[in-house]
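One structure, pasted below without further comment.
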Amino acid sequence: MRLPTIRQLQYFVALCEHGHFGRAADASFVSQSAFSTAIKDLESLLDIQLVDRTNRQVTITATGQEVATQARLVIRDAESLVEMTGDRRLPLTGELRLGVIPTIAPFMLPVILPKIRKSYPDLRLFLVEDQTAVIHQKLLSGELDLLLLALPFDLRSAETMHLFEDRFLLAANAKTRRVSPDNYRFNRLDAESILLLEDGHCLRDHALAACKIRNTEKLSRFAASSLLTLIEMVDADLGITFLPEMAVGSSLLKSTNVKTYQVDEKSHRDIGLAWRKNSARVAEFRLLGDFIRNLRMKR
């Protein structure tokens, strides 16, 4: 059985990413004619059309998109094999592509990245920040190696490692009359007084579940598209919200009148790592998880 070469797969992935034969060939440091020949040879080998070609654009077929996903995984496994058997045998060296959700990145990354760089200077860490569903898909397609995210979330074909609990805190303008922070009662909140992120952000779902928000009449009809917007709305006393404890002391809260207050200790989200099942780098990922967990314990 003839198999595709890694180079053919790399070229095809580049074509998917650039959507143009010329740009993909340039990115692959090869002539356009050689690049086009490699793609045609791949199609011939697989006996399937991967690309619809016109004079102005390139469209990846549905089957081509599936092939691209598998190609990324094959390429990543080959890279891991080289790293594992080459000069870089120490853990947490070489390239690591990490996906992080927006409700963790601005709080944890400034704390942990300098320490990771100091302890593992040969680790080349590439970061992608996006919503959970997006980085999960990138993980499955091979575009990312590891995720730092909040749980629970339906992570098919992935394994997880729990790091720590991140409690939810009540957040309100320091002079608000919407709530008495020292005598907080959910049933005393006015209608539409709770501000949350819009649908698609797992922080919304986690806050609803962890803080036991079942009465939707308490939720504002307005939702924030980002944490920054949410904090600005609370700062303007348009409502109250629930923020993760890791937000305390962050730059997002500085220069605002937003204060945080403890509520029920059971109200929390779980922070963890996730990677593809059967990944060859599980030991490394767990080592990084232990490193992050120990940093948290020292705070």
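Only residues that are assigned to a helix (DSSP H, G or I) and crowded, with 18+ Cβ neighbours inside 10 Å: list them for region 44-71, please.
Of all residues in region 44-71, those assigned to a helix (DSSP H, G or I) come to 44-46, 62-71.
Result: GLY64, VAL67, ALA68, ALA71.
Looking only at region 267-299, filter to residues that are farther than 17 Å from LEU96 by Cβ and polar (S, T, N, Q); which one of those is modelled with the lowest pLDDT?
Among those that are farther than 17 Å from LEU96 by Cβ and polar (S, T, N, Q), it is ASN278.
Could I ask something else about it? Would you say LEU81 is modelled with pLDDT under 90 and under 24 Å from GLN137 (Cα atoms)?
Details: modelled with pLDDT under 90: yes; under 24 Å from GLN137 (Cα atoms): yes.
Taking the combined requirement at face value, the residue satisfies it.
Determine which single condition THR160 fails, assuming it passes every other condition in (1) within 30 Å of LEU146 (Cβ to Cβ); (2) of a type in the set (Val, Ile, Thr); (3) over 25 Å from the mean Cα position of the chain (by Cα).
It is condition (3) that THR160 fails.
List the strands (runs of 3 or more DSSP E) that sit entirely inside region 82-162 and contain at least 1 residues that are outside the structural domain of LYS254 (by TED's automatic domain parsing), over 25 Å from GLU245 (Cβ atoms) and acidic (Asp, Glu).
Qualifying strands (runs of 3 or more DSSP E): 94-100.
Of all residues in region 248-288, how many are assigned to a helix (DSSP H, G or I) and surrounded by 20 or more Cβ atoms within 10 Å (Cβ to Cβ)?
Kept after step one, since they are assigned to a helix (DSSP H, G or I), are these residues of region 248-288: 282-288.
Next cut, surrounded by 20 or more Cβ atoms within 10 Å (Cβ to Cβ) only: 284-285, 288.
Here the count works out to 3.
The values are calculated or read from the model by the stated rules, or taken from the named source; none is laboratory data. Predicted, not measured: the structure shown is a model, and the values here were computed from it. We place every Cβ from the backbone using ideal geometry, glycine too, and count neighbours over all the protein chains shown.
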